[in-house]
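For reference, the structure discussed in these notes is given below.
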Amino acid sequence: MAVEKLTDNFYEKIKPRLYQRVGRELRLAYRVLDLGCGTCELAEFLSETYRQKVTGVDISANGFSKKRKALKKKADGFAAFVKTQLSLVSSKIK
């Protein structure tokens, strides 16, 4: 079976349909936690389109301040962004 190579812009092509699908699946949710939100585009979409309260969490703060300011100006939705470092917790089982 041959494996097809994805084009470089594959994600950009499917993003609108992907966001709409996620939005439909979560349409009844009042609050949404977006782990690994990256550039916060999905959080912004859900906040604007479905008026959901979205919290985005990511280890990188790139783009957070810009998105925060932009979304605070809009009355339709709300999004909060949290930068955090995740660490693995190990425990000994005796």
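Can you tell me which residue within region 1-38, out of those that are part of a helix (DSSP H, G or I) and surrounded by fewer than 11 Cβ atoms within 10 Å (Cβ to Cβ), is farthest from the chain's Cα centre (by Cα)? That would be F10.
Of all residues in region 53-60, one or more are surrounded by fewer than 14 Cβ atoms within 10 Å (Cβ to Cβ) and at pLDDT below 85. Number of residues in region 39-55 that are in contact with a strand residue (DSSP E or B) (Cβ under 8 Å, 6 or more places away or on another chain) and in a helix (DSSP H, G or I) equals 5.
The values are calculated or read from the model by the stated rules, or taken from the named source; none is laboratory data. Remember, it's a predicted structure, so these values are computed and weren't measured experimentally. Please note: Cβ atoms are built from the backbone with ideal geometry, for glycine as well, and neighbour counts cover all protein chains shown.
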